[in-house]
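Visitor: Shown below is the structure under consideration.
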Amino acid sequence: MGKNTSWIKRAKDGSGRIEEYMSDFAYAPHKHATYALAITTLGVQHFNYRGQLRHALPGEVVILHPDEVHDGQALPGRPFAYRGMTIEPYQVQDILQGASLPFLESGVTKLPEFVLLAKAFLADFEQPFDTLEYQDLLYSFATCLQRATNNSKYHKTTNYQAMKLVKEYLDDELHAQHIAFSAFNLDKLACIANYSKWQVTRDFRALYGTTPYHYVTLKRVHKARTLIEQGVTLTDVAMQCAFADQSHMNRQFKKCFGFTPKMCVKLSL
């Protein structure tokens, strides 16, 4: 790869950790249904987040809250690199047990506890995680974030057990083949939770960082990316992931990752 070529390298252990080099490239605004954890390793990472342009210098840590719109850009002639990963809100919620998800307002920190955590998660990029090690780091991430922020974007009164039932139902349905988007609706989820449908939306978002609809969409889009990187045709990917058509998949893919499925192939090593 030339020095002016952007690329993404994935850890081979299946952890989802990535290393990315960006040169004269920008992601379109997008959002994930997960936390994003990253540490800048070269240059300055620039991104818009919560209404402001943010900057992360080498050694500084980026922590983005689920469902927050952001982008990413390398200024002309100023490439940067980072290592990063996503952390599922349900993993954090299993630790917090019903507390609303904490968020880092600025998205960037150089607090020593977060720098040490990011390095533990990301520094030894080629070394697979030991299960107990990962669980310990995950616990530290959740509790450090809660201590450091002591806040939530959402209300604090939630029904954790009811939302856990809703999430388990969605996960079970997503494992079935070709479940169309129309198969999911708030009335069904409200029946499962024994809750009003708007309370389901409110509490699910508070506990898992996104709405049930976006949770389902993002699960499908991540499956689509995996299949695309395995060389499956875009038409087949759209069908296997139960999108209405390829155009529908393309729109949702760009909303999630900030680039198109075709660009996904070009960026991957």
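What follows is calculated from the coordinates using simple rules that are stated; it is not laboratory data. Not measured: the values here are computed from a predicted model. Methodologically, a virtual Cβ is constructed for each residue, glycine included, from the backbone with ideal geometry; neighbour enumeration extends over all protein chains shown.
Visitor: From the phi angles alone, apply the Karplus equation (6.51, -1.76, 1.60; θ = phi - 60°) to region 78-85 and give each ³J(HN,Hα) in whole Hz, x where the residue is Gly or Pro.
Guide: Once θ is set to phi - 60°, the couplings for region 78-85 become 10, x, 9, 9, 8, 10, x, 7 Hz.
Visitor: Going through the DSSP H helices of the chain, which span 30 Å or more along their own axis at the Cα atoms while scoring at least 1.0 as a mean Kyte-Doolittle hydropathy?
Guide: Helix filter hits for the chain: none.
Visitor: Taking the alpha carbon gyration tensor of region 1-119, what are the square roots of 5 times its eigenvalues, largest first, to the nearest whole Å?
Guide: 24, 16, 14
Visitor: Summing Lys, Arg as +1 and Asp, Glu as -1, what charge do residues with Cβ under 13 Å from the Cβ of Met239 carry, Met239 excluded? Walk me through the numbers before you get to the answer.
Guide: Values: positive: Arg220, Lys223; negative: Asp236, Asp245.
The answer is 0.
Visitor: Let me ask something additional. Of the peptides 8-15, 26-33, 216-223, how do they stack up when ordered by the mean number of other Cβ atoms within 10 Å, highest first?
Guide: So the peptides 8-15, 26-33, 216-223, ranked by packing, come out 216-223, 26-33, 8-15.
Visitor: Which one, Ile18, Ile63, Ile192, has the greatest fluctuation when you compute a Gaussian network model over the chain with C-alpha springs under 10 angstrom?
Guide: Ile192
Visitor: Right, another one. Once you list every other residue whose beta carbon is under 9 Å from the beta carbon of Lys9, what net charge do they have if Lys and Arg are +1 and Asp and Glu are -1?
Guide: Values: positive: Arg10; negative: Glu19, Glu20.
Neighbourhood net charge equals -1.
Visitor: Taking Rh as the Kirkwood radius, which is the inverse of the mean 1/r over Cα pairs, what is the Rg/Rh value for the chain?
Guide: Radius of gyration over Kirkwood radius for the chain works out to 0.96.
Visitor: With the Cα gyration tensor of region 160-267 in hand, convert its eigenvalues to equivalent ellipsoid semi-axes via √(5λ) and list them largest first in whole Å.
Guide: Each semi-axis is √(5λ); the values are 28, 14, 11 Å.
Visitor: Counting only C-alpha contacts under 8 Å and six or more residues apart, can you give the relative contact order of the chain as a whole percent?
Guide: 21 percent
Visitor: Using a Gaussian network for the chain with springs between C-alpha atoms less than 10 Å apart, which of these wobbles most: Asn48, Asn185, Asn159?
Guide: Asn185
Visitor: So what is the relative contact order of region 7-149, in percent, for Cα pairs below 8 Å that sit 6 or more residues apart? Write down the numbers at each step before the final one.
Guide: On the way: 294 pairs, mean separation 40.3, N = 143.
Computed over region 7-149, the figure is 28 percent.
Visitor: Continuing with this model, one more query. Among 67-74, 245-252, how do they line up from the highest to the lowest mean number of other beta-carbon atoms within 10 Å?
Guide: Per-residue mean Cβ counts within 10 Å order the peptides as 67-74, 245-252.
Visitor: Ok, one more. Got a sec to turn the phi values of region 99-109 into Karplus ³J(HN,Hα) couplings, 6.51 cos²θ - 1.76 cosθ + 1.60 with θ = phi - 60°, whole Hz, x for Gly and Pro?
Guide: Result, ordered by residue: 6, 4, 5, x, 9, 9, 4, 7, x, 10, 8 Hz.
Visitor: Using alpha carbon centroids, what distance separates region 93-134 and region 203-217, in Å?
Guide: 21 Å
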